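To keep things clear, I will list the structure first and then write my remarks on it.
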Amino acid sequence: MIPVILSNLQRVTEGLKSRWRNYYYRTLGVKLQGYVWLREIEISRNFTEIEIESPCALDRGVTLLCSGDPQEEAKIYIDAHTYINRNTLLSAMSSLTIGQHCAIGPGCYITDHDHGLDPAFPPLSQPMVAKPTRIGNCVWIGANVTILKGVNIGDKAVIGAGSVVTKNIPSGAIAVGVPAKVIKLR
């Protein structure tokens, strides 16, 4: 009986913390459309360039980072019924879109930009290069996947754990490896 009471108390406490985070990030300008389950996440700047539909869930350690020049439309957009697992980093400079009903595993890195390769400049002085990154609906991304700039992952695709996605993945494809290659269709 005591473990059940403690478990329920912990759930209520986590729910209250999540509601507080919803209120806090809304006051900073994040566009949360309804209630979004937020564990201990980090949004460090450019709050107004992030939009998350309800219901969604972002687990502990998820980081949302927007950089570059300000823009009116969202740089990071997460559609409804999507779950982003622990310690995942979403980094956007232009446009990073995640569709509905997606499952993103722990430890992933998803971005829409990188540094240039001009040999006249050191790495941190390189100009940034951005291309929109889009993840379709009902996509399943395994643990520790990296998705690089300009990639379009089609609806109902599956990306295997540890993959590095450098090119578009068609709808319904299962892709694995470094770099990720389609091994079959669902």
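The values are calculated or read from the model by the stated rules, or taken from the named source; none is laboratory data. Keep in mind the model is a prediction, meaning the values are calculated, not measured. Every residue, glycine as well, gets a Cβ built from its backbone with ideal geometry; the counts of neighbours run over all protein chains shown. Accessible surface areas use protein heavy atoms only, side chains included; no ligands, DNA or RNA. Shrake-Rupley method; radii C 1.70, N 1.55, O 1.52, S 1.80 Å.
Observations
- Relative contact order of the chain, defined on C-alpha pairs under 8 angstrom at six or more residues apart (%): 12
- Once the 1.4 Å probe is applied to the protein heavy atoms, the chain comes out at 53 Å² accessible per residue.
- When each of Lys75/Lys167; Lys149/Lys184; Lys75/Lys156; Lys17/Lys167; Lys17/Lys156 is checked by Cα-Cα distance, pairs over 27 Å: Lys17/Lys167; Lys17/Lys156
- Compared with the alpha-carbon gap, the fully stretched path from Phe121 to Val182 is longer by 18.4 nm at 0.36 nm per residue.
- Rg and Dmax over the alpha-carbon atoms of region 1-108 stand at 14.5, 55 Å.
- Long-range amide H partners of Asn152 with built H, under 5 Å: Arg134, Asn168, Ile169
- Surface accessible to a 1.4 Å probe, His113 within the full protein complex, Å²: 20
- Largest-first ordering by accessible area, 1.4 Å probe, given options Arg26, Arg186, Arg39: Arg186, Arg26, Arg39
- Net +/- balance of residues flanking Pro170 in space, Cβ distance below 11 Å, scoring K and R +1, D and E -1: +2
- Under-5 Å amide H pairs with Thr63, H placed in peptide plane, nonlocal only: Glu42, Thr88, Leu89, Leu90
- Remark: the chain carries a charge dipole of roughly 560 debye about the Cα centre, counting +1 on each Lys and Arg Cβ and -1 on each Asp and Glu Cβ.
- Heavy-atom accessible surface of the chain: percent carbon and sulfur, 1.4 Å: 59
- Arg60 accessible area, 1.4 Å probe, all protein chains in place, Å² to nearest 10: 70
- P(r) tail for region 18-68: Cα pairs beyond 14 Å make up 45% of the total.
- Near Lys17: Cβ cut-off under 12 Å, other residues only, Lys/Arg at +1 and Asp/Glu at -1. The net charge is +3.
- Simple spin-label estimate for Leu16 and Ser54 in nanometres, 7 Å along Cα-Cβ: 2.0
- In this label model, Val129 and Arg45 are separated by 2.4 nm, measuring between points 7 Å along each Cα→Cβ vector.
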